[in-house]
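Step one of this worksheet: look at the structure below.
No lab work stands behind these numbers, since they all come straight from the coordinates. Keep in mind that this is a model prediction, so the values were computed, not measured. Note: ideal-geometry Cβ built from the backbone for every residue, glycine included; neighbour counts use all protein chains shown.
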Amino acid sequence: MFKSRTPKMLDEKGEVLENSVSILEPVQIAGIKQWILVRGEDQNCPLLLFLHGGPGSTQIGFIRKYEQALEKHFIVVNWDQRGAGKSGRKVDPSTMNLAQMVEDTNELIIYLLSRFGKRTLFLAGHSWGSILGVLTTQKYPENITSYIGISQLVNMELNEQISYDYAVQRAQEAGHQKAIAALSKIGRPPYSNFKTMMKQRKWLIKFIPMELSSDYLLRAILSSTEYTLVDWYFFAKNILISNRLLWDEFMNVNLFEEVPQLSVPVYLCEGRHDYQAPFELAIQYIEKLNAPQKRIFWFEDSGHSPHISEPKQFSEICLHIKNTYKTESRKEIKPEVLVHQKSR
């Protein structure tokens, strides 16, 4: 029977890099098995922990090919969160809530810092993971060098209204009667469930040429060693379960009110064509956020997943952030800087 695995880190001669790390394994977090993928060419590099989107949209099954440059400069950690992917087989539904997942995140951070002998790590959150990332950074800043939000979610009520209005506008501009009729039938949010939101997303993505298609996932299913076919089955199943259990709490998130300040540097990576997590809200949030340093990096050719659609630029940005903080001393943080690269 096929088993999931991740390949070793090799040099140009095909030999295993002496101080590299390549791990795919379950660890005990809050009393249950949760899976992590850890890869890096040099264990002396800092840790970079990714919080995947969704809820439930794990990265372990396909992300390795997009992180090869990052692995040269970081120990890169991907994690299948509680109830998601390989970590979703046996989970008490009553534990599927934001508060517990923040605690899971911090427990994993402490584990990683201890295992690799680090004081702090870089924390990156994509979409749903960006909510989890901000809330964790707010509660446990002492363990985090800086926070990197990718397609940052801020206020879910406004998020869905802007997304829906944009889809309707684009459908009308294109004269796409089928889309206009379907969106009218769905109606303006709020929505009561994930399936209704995905009906809206179907038409939204049709009008955003920079948005990723599902092709990259289909290719990953055929080529991934980190996920077996059984894992891919649970990947799909657990997205639906995670969204059902977390939906109400997810839709009530409002970081404008809940997290007006953070005590670590904050960097946002935003796709210029993202209307799943509309970038206007990310701009508003970082302008209002009180943080020691803050900056937006724009991805001109991306939609909702800039770290996947433009991985080279994302790696360069992370390296820039790393080089800005060569030590883990808060004393070396520079005064606040806010940069909007390129005007729309």
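Numbers at a glance
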read-out	value
Candidates Leu289, Leu222, Leu98: whichever shows maximal mean-square fluctuation once the chain is modelled as a Gaussian network with Cα springs under 10 Å	Leu222
Signed unit charges on C-beta, dipole axis of region 159-206, positive-most listed residue Ile180, Val168, Thr196	Thr196
Descending semi-axes in whole angstrom, ellipsoid equivalent of region 125-178, from the Cα gyration tensor	35, 10, 6
For region 169-249, diffusion coefficient by Stokes-Einstein and Kirkwood Rh (Cα), 25 °C, 0.890 mPa s, µm²/s	163
Sparse-neighbour loop sites [trypsin sites (Lys or Arg not before Pro); region 16-124; at most 10 other C-beta within 10 Å; DSSP]	Lys90
Cα-centre dipole for the chain with unit charges at Cβ (Lys and Arg positive, Asp and Glu negative), debye to 20	580
As computed over region 117-234, the Cα convex hull volume per residue (Å³)	166
Share of pairwise Cα separations in region 45-191, more than 26 Å, in percent	38
Exposed GluC sites (Glu not before Pro) absent - longest run of the chain, DSSP non-H/G/I/E/B, at most 16 other C-beta within 10 Å	19-299
Cα-based convex hull volume of region 267-329 per residue, rounded to whole Å³	80
Where Cα atoms sit under 23 Å apart: lysine pairs in region 195-330 separated by 8 or more or lying on different chains	9
MRE, 222 nm, helices only [DSSP H, n ≥ 4, -39500 (n - 2.57), over the chain, to nearest 500]	-12500 deg cm²/dmol
Rounded to whole Hz, the Karplus (6.51, -1.76, 1.60) HN-Hα couplings of region 179-187, x for glycine and proline	5, 4, 5, 5, 5, 5, 5, 5, x
Net +/- balance of residues flanking Gly56 in space, Cβ distance below 11 Å, scoring K and R +1, D and E -1	+2
Unit Cα scatterers, Debye sum, region 230-305: log10 I(q)/I(0) for q = 0.19 Å⁻¹	-0.95
Ranked list, fewest to most other Cβ atoms within 10 Å of each Cβ, for Cys45, Cys269	Cys45, Cys269
Range of Cα positions in region 159-206 per principal axis (Å), largest first	28, 18, 16
Stokes-Einstein diffusion coefficient of the chain, Kirkwood radius over Cα pairs, 20 °C, 1.002 mPa s, in µm²/s	104
Translational diffusion coefficient (Stokes-Einstein; Kirkwood radius from C-alpha pairs) of region 1-101 at 20 °C, 1.002 mPa s, in µm²/s	147
Simple Cβ-charge dipole of region 58-178, Lys/Arg +1 and Asp/Glu -1, about Cα centre, in debye nearest 20	540
